[in-house]
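Peer 1: Take a look at the following structure, please.
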Amino acid sequence: MDAKRVETISARVDAAVSSSDSVEDELELSAVRHRPEGLEQLEAQTRFSRKELQILYRGFKNECPSGVVNEETFKDIYSQFFPQGDASTYAHFLFNAFDTDHNGSVSFEDFVMGLSILLRGTVQEKLNWAFNLYDINKDGYITKEEMLDIMKAIYDMMGKCTYPVLKEETPRQHVEVFFQKMDKNKDGVVTIDEFIDCCQNDENIMRSMHLFENVL
Amino acid sequence: MAAGVAAWLPFARAAAIGWMPVATAPMPVPPQEKRRGKDGLIVLNVSGTKFQTWRDTLERYPDTLLGSTERDFFFHEDSNEYFFDRDPDIFRHILNFYRTGKLHYPRQECISAYDEELSFFGIIPEIIGDCCYEEYKDRRRENQERIQDDEEADPGSELVSPDLSFRESMWRAFENPHTSTMALVFYYVTGFFIAVSVLANVAETVPCGAAPNRAKEMSCGERYALAFFCLDTACVMIFTVEYLLRLLAAPSRYRFVKSVMSIIDVVAIMPYYIGLVMTDNEDVSGAFVTLRVFRVFRIFKFSRHSAGLRILGYTLKSCASELGFLLFSLTMAIIIFATVMFYAEKGSSASKFTSIPAAFWYTIVTMTTLGYGDMVPKTIMGKIFGSICSLSGVLVIALPVPVIVSNFSRIYHQSQRAEKRRAQKKTRLARIRAVKSGGANAYLQYKRSRLLIGPDQEASKEAGQALVCKTNPNFEVHHHHLLHCLEKTTNHEFLDEKTFETNLREVTLVKQVSRSSSISSASSPHGFTSCCSRRKRKTFNVPNSNMSVGLQDSIQELSTIQIRERPLTNSRSSLNAKFEETVPLNCEQPYITAAVISMPTPPGTTPEGDDSASSTDYSQANIVRVSAL
């Protein structure tokens, strides 16, 4: 991400520059602040209006005063929406999907770019994003193991008290169903084209892609 | 859920797109976006101090004054702001609660003023954050105790209920002498007689001068034997009457007899009666004299009259282990030094240290720095060890005593604090549990409430609406829709703990039952509405043939239908991919599924007669869901 300005509070303190104390270094790290790019730039890069960006940023900054979300906070926040189950695994995958430059933290730009695709993007872009989410190692193929991980993470969010009772092989069976549908040439992996193709032919999926359009 | 996290709900909902390609069922319709009021700044003027915040911030908590339409009552047209004639300092904390989701208690504020402000703005104190909660509770408790003390000290506030039984009123008179004049009189009379009795015991032994016809000087007790005897009799009679009255009035006689005070009473009066019985027998007159010693225990009866004595008694009881240690260490030192002194003085002639027990007396007198001088060492070694003994005596005695004192104060404060912590811990754990389950239960409640609007159109519509309106602001609605989407994706539903556990129990129960393929009626108490059951019966035959073979061992999916309690959704069993879901139902509910019992039901509720034929199929069947939109 270009033009990311990182300010350290200790830069104002001259002593910190000269000292090489490890404690001071720690203080520097923890005082990292991140300021996002200007409103105009973000407006140009995403499909949100100014007001929407303002609302988003206010909420973002409220929860993460330092301006960046690390994985722990991300998992924490996401888990609060799913009190009955364990949302941390799925949150981990989500974090990786949002953290496009893979630097271990989600800044406001990452956040807003992700949201822009999800809420205001074309169906193609949304499916692309979903494929990216499922493809854990980002090699362009979804294998059964990756899908199983994702599926287990989703089922984990349901928790223990479900109806009907969650069985061990339920995620696996679900993955089988998924692969049957998506894997056209039966080579054991799903490529991006197979994925997009198949989703576009499924009207349920098409309909659900437009579900959250008027969020915000 | 923290209000700040509500701002992330759009993110969570957007992220739900990640489930869409995986889901096999259609997603529920998103709720209508309630047109929010124009998002703007609100000015709150609290006694001149102006606060400003976003409208959305206040509306996070719609069941408080500021978050609901109740604030319109305070709108001031002239200045286009909301005016509250309240304390601005405390209002600051209340507004911070809206902003951060955490309510703090400022330590310098008065607890009752704070409580008043909270109740004015419709905020329950239980949501005070953990950081300030203990302080708040402490102050509150202190305040209440103070109020209680004031009430107790106020004599006019005693409620005398006229229909206390005679026994109860007597007991109350005994325990609280200031309740009635009679009780007070009785209290003072007994006190007086205790004092008289004790003084008489003391005076009996004073030498009174020789009687006119005797040469020997005798004690007053012997000289005026009759007078003292009459006095003693009178006192003992009073004490006996008092004891019997207390015994009569006690609510629990057994407990009263066991109590310390009653034992003291008995010990105080028994010698007299024993003496009465034994006066004619001269052989036991020695024992009789000993018994008179016990008369001194009457002085302990004063502890009913003095709170200080009671506290002292409690102190000794609570420091029993420390006292025991003191005694033990003293005993050890005494034995050591007595032995040493004995062997040191063994050599000297005419030594008073005839044996080690005889040396005990010397050691005790020396260690407590009394130094009577009736036994003194004469040898040099004896004198050396004697001085060591007296020096160490100071240490041995002086050291445990402050320990006892500090122990007492520590134990006393500790027990107070432990009680407080225990009480708070329970409520704190309960609060944490409630918050955790509140988030989950809110969704289940919402589902049930949506259900209620269907079948019981008239009765519970209001209840359902009330529930929905009260607990479902904009945020809640969207959150529930999100959870609903998750249920759809995984084709499983959320349940609460209780229902889940009942299911597990029923599963094991049914497993045993269906081994024998007899029709059991364990499911009958749960009622179906007749229209659904008929439909269920019909459609059940259709998928029977489609049942996959792999389900023969799994009877796990059995459950009973409880239309009133079970949340019904229109998810399908994930194993029935080919199942057509368009079986029409006549019922009006938006989401109705019937989870079919695969246990045979009693013939009474099944209109079709093919029960027995399909009973074996039932035992193999999985849950089939019929959905109707």
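The values are calculated or read from the model by the stated rules, or taken from the named source; none is laboratory data. This structure is a prediction, so every number in the text was calculated from the model and none was measured. Backbone-built Cβ (ideal geometry, glycine too); neighbour counts: all protein chains shown. For the accessible areas, the whole protein counts, side chains as well, though only heavy atoms, and no ligand, DNA or RNA atoms are used. Shrake-Rupley method; radii C 1.70, N 1.55, O 1.52, S 1.80 Å.
Peer 1: Go ahead and run the numbers for FRET between B:Ser348 and B:Val405, Cβ-Cβ distance against an R0 of 56 Å, rounding to 0.05.
Peer 2: 0.85
Peer 1: Test of understanding: what is the full-extension gain from B:Lys498 to B:Ala358, defined as 0.36 nm times their sequence separation minus their Cα-Cα distance? Intermediate values should be presented prior to the final figure.
Peer 2: On the way: separation 140, 0.36 × 140 = 50.40 nm, distance 7.53 nm.
Roughly 42.9 nm would be gained on extension.
Peer 1: On to the next question. Give, ordered by residue number, each residue of region A:161-182 whose 1.4 Å probe accessible area is reduced by a minimum of 40 Å² on adding the remaining protein chains to the chain alone.
Peer 2: Listed by number, the residues meeting the 40 Å² cut-off are A:Cys161, A:Tyr163, A:Pro164, A:Val165, A:Lys167, A:His174.
Peer 1: At 0.36 nm per residue, minus the direct Cα-Cα distance, what do B:Ser119 and B:Ser259 gain on full extension? Give it in nm, one decimal, please. Mind showing how you got there, number by number?
Peer 2: Values: separation 140, 0.36 × 140 = 50.40 nm, distance 4.64 nm.
Stretched fully, the B:Ser119-B:Ser259 segment lengthens by 45.8 nm.
Peer 1: Based on the mean of other Cβ atoms within 10 Å per residue, sort peptides B:73-80, A:47-54 so the most packed one is first. If you can, show how the numbers build up before the last one.
Peer 2: Working: B:73-80: 9.9, A:47-54: 14.4.
Packing proxy ranking, top to bottom: A:47-54, B:73-80.
Peer 1: Of B:Trp171, B:Trp361, which has the most accessible area and how do the rest follow, probe 1.4 Å?
Peer 2: Numbers: B:Trp171 60, B:Trp361 115 Å².
Descending order: B:Trp361, B:Trp171.
Peer 1: Can you pull the one-decimal nm distance between simple spin-label points at A:Asn214 and B:Phe229, each 7 Å off the Cα toward Cβ?
Peer 2: Placing both labels 7 Å along Cα→Cβ, they lie 10.9 nm apart.
Peer 1: Continuing with this model, one more query. Given a 1.4 angstrom probe, what's the average accessible area per residue across region A:41-121, in square angstrom?
Peer 2: Details: 3100 Å² over 81 residues.
With all protein chains present, region A:41-121 gives 38 Å² per residue.
Peer 1: Starting from the Cα of B:Ser387, step 7 Å along the direction of its Cβ; do the same at B:Lys436; then give the gap between the two resulting points in nm.
Peer 2: Simple spin-label model gives 7.1 nm for this pair.
Peer 1: For region B:228-360, what is the accessible area per residue in Å² when the probe is 1.4 Å? Before the final figure, lay out each step's value.
Peer 2: On the way: 7840 Å² over 133 residues.
Dividing the accessible area of region B:228-360 by its residue count gives 59 Å².
Peer 1: Measuring with a 1.4 Å probe in the full set of protein chains, what accessible area per residue, in whole Å², belongs to region B:36-137?
Peer 2: Values: 5260 Å² over 102 residues.
Dividing the accessible area of region B:36-137 by its residue count gives 52 Å².
Peer 1: Another question about this same structure. Cβ under 12 Å from B:Leu118's Cβ, B:Leu118 left aside: what net charge do those residues give with Lys, Arg +1 and Asp, Glu -1?
Peer 2: On the way: positive: B:Arg86, B:Arg140; negative: B:Asp87, B:Glu109, B:Asp115, B:Glu116, B:Glu117, B:Glu126.
With Lys, Arg at +1 and Asp, Glu at -1, the net is -4.
Peer 1: For B:Leu103, what residues show an amide H to amide H distance below 5 Å, using hydrogens built from the backbone and excluding near sequence neighbours?
Peer 2: B:Gly129
Peer 1: Between B:Val185 and B:Ser252, what FRET efficiency comes out of the Förster formula 1/(1 + (r/R0)^6) with R0 = 30 Å and r the beta carbon distance, rounded to 0.05? Walk me through the numbers on the way to the answer.
Peer 2: On the way: r = 26 Å, r/R0 = 0.88.
After rounding to 0.05, the efficiency reads 0.70.
Peer 1: Sticking with this structure for a sec: Which residues in region A:144-186 have a backbone N closer than 18 Å to a point placed 7 Å from the Cα of A:Gln200 along the Cα-to-Cβ line?
Peer 2: It comes to A:182-185, nothing else.
Peer 1: Okay, next question. Calculate what fraction, in whole %, of the accessible area of region A:67-124 sits on carbon and sulfur atoms when a 1.4 Å probe is rolled over the protein chains.
Peer 2: Details: 960 of 1890 Å².
Here it works out to 51 percent.
Peer 1: Here's a follow-up. To the nearest 100 Å², how much accessible surface do chains B and A hide from each other in total, with a 1.4 Å probe?
Peer 2: Values: alone 37850 and 13240 Å², together 45650 Å².
About 5400 Å² of accessible surface is lost on pairing.
Peer 1: May I pose another question? So which of A:Lys181/B:Lys498; A:Lys138/A:Lys181; A:Lys184/B:Lys447; A:Lys75/B:Lys488; A:Lys152/B:Lys426 end up more than 31 Å apart by C-alpha? Could the numbers behind the result be given before it?
Peer 2: Working: A:Lys181/B:Lys498 37 Å; A:Lys138/A:Lys181 21 Å; A:Lys184/B:Lys447 38 Å; A:Lys75/B:Lys488 22 Å; A:Lys152/B:Lys426 36 Å.
A:Lys181/B:Lys498; A:Lys184/B:Lys447; A:Lys152/B:Lys426, as the Cα separations exceed 31 Å there.
Peer 1: Taking the Cβ of B:Thr339 as the centre, find all other residues whose Cβ is under 12 Å away and add up their charges (Lys, Arg: +1; Asp, Glu: -1).
Peer 2: On the way: positive: B:Lys346; negative: B:Glu345.
Charge balance in the 12 Å sphere: 0.
Peer 1: Given 0.36 nm per residue, what is the gain on full extension from B:Thr290 to B:Val267 after removing their alpha carbon distance, in nm?
Peer 2: Values: separation 23, 0.36 × 23 = 8.28 nm, distance 1.30 nm.
Between B:Thr290 and B:Val267, full extension yields 7.0 nm more.
Peer 1: Count, for each residue of A:199-210, the Cβ atoms from other chains sitting within 10 Å of its Cβ, then give me the mean as a whole number. Kindly include the intermediate steps, with their values, before the conclusion.
Peer 2: Details: counts 2, 0, 0, 3, 1, 8, 7, 1, 4, 13, 4, 1.
Per residue, the average neighbour count from other chains is 4.
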